[in-house]
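Trainee: Let me give you the structure first, and then I'll get to my questions.
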């Protein structure tokens, strides 16, 4: 099984992606989907700008998705990450994992999101409603601690 990995500017349809992963399959007993959205940071954020290095980002996400497939008995994995200016409320990231059993699907999805949140090769910059540009956003200590549990 080869994971599906896409880095794109366009929005995605989470239900359609999950349906593609399970279409015609009767060996799948659990599908976990996670969709990450852009927050407005208390009303001060106009957009979050995400940049990446084309080719490298896809390769790195595919490498970690393959690690997930080695760690858990998965029948399918889809990881989609958007780039460009993302407005509050808009979708940024999608992870879909499919397995015979729910625990593997949940753990693999969490593993992938912990990686995407902390170590994926994306750079995020805030654009504030007052017209100023904020700082480049780094992973938080809590994000790093969550990712650290995977060893």
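Trainee: So which residues in segment 68-93 are surrounded by fewer than 16 Cβ atoms within 10 Å (Cβ to Cβ) and either under 17 Å from residue 123 (Cβ atoms) or touching a residue at least 40 places away in the same chain (Cβ under 8 Å) (or both), if there are any at all?
Mentor: 71, 84, 85, 87, 89, 90
Trainee: Related question: Would you pick out the residues in segment 105-145 that are in contact with a strand residue (DSSP E or B) (Cβ under 7 Å, 6 or more places away or on another chain), surrounded by fewer than 18 Cβ atoms within 10 Å (Cβ to Cβ) and over 27 Å from residue 73 (Cβ atoms)?
Mentor: Answer for segment 105-145, where residues must be in contact with a strand residue (DSSP E or B) (Cβ under 7 Å, 6 or more places away or on another chain), surrounded by fewer than 18 Cβ atoms within 10 Å (Cβ to Cβ) and over 27 Å from residue 73 (Cβ atoms): 121, 123, 125, 126, 127, 128, 129, 133, 134, 135, 136, 137.
Trainee: Okay, moving on. Determine which single condition residue 96 fails, assuming it passes every other condition in (1) part of a helix (DSSP H, G or I); (2) touching a residue at least 40 places away in the same chain (Cβ under 8 Å).
Mentor: (1)
Trainee: Name the pairs: first residue in segment 12-29 and in contact (Cβ under 8 Å) with a residue 40 or more places away in the chain and at negative phi, second residue part of a loop (DSSP other than H, G, I, E, B) and surrounded by 10 or more Cβ atoms within 10 Å (Cβ to Cβ), Cβ to Cβ under 6 Å, at least 6 apart or on different chains?
Mentor: What qualifies is 22/28; 29/100; 29/101.
Trainee: Mind telling me which of the residues 36, 55, 29 ends up being at pLDDT 95 or above and over 30 Å from residue 130 (Cβ atoms)?
Mentor: 29
Trainee: A further question follows. Could you figure out which of (1) in contact with a strand residue (DSSP E or B) (Cβ under 6 Å, 6 or more places away or on another chain); (2) within 15 Å of residue 7 (Cβ to Cβ) isn't true of residue 97?
Mentor: Only one criterion is unmet by residue 97, namely (2).
Trainee: Identify all residues within segment 14-52 that are assigned to a loop (DSSP other than H, G, I, E, B) and either surrounded by 19 or more Cβ atoms within 10 Å (Cβ to Cβ) or out of contact with any strand residue (DSSP E or B) (no Cβ under 9 Å at 6 or more places or on another chain) (or both); write none if there are none.
Mentor: Within segment 14-52, 23, 24, 26, 38, 42, 43 meet the criteria.
The values are calculated or read from the model by the stated rules, or taken from the named source; none is laboratory data. It should be emphasised that the depicted structure is a prediction, and the values quoted were computed from it without experimental measurement. Note that we place each Cβ from the backbone using ideal geometry, even for glycine, and neighbour counts take in every protein chain shown.
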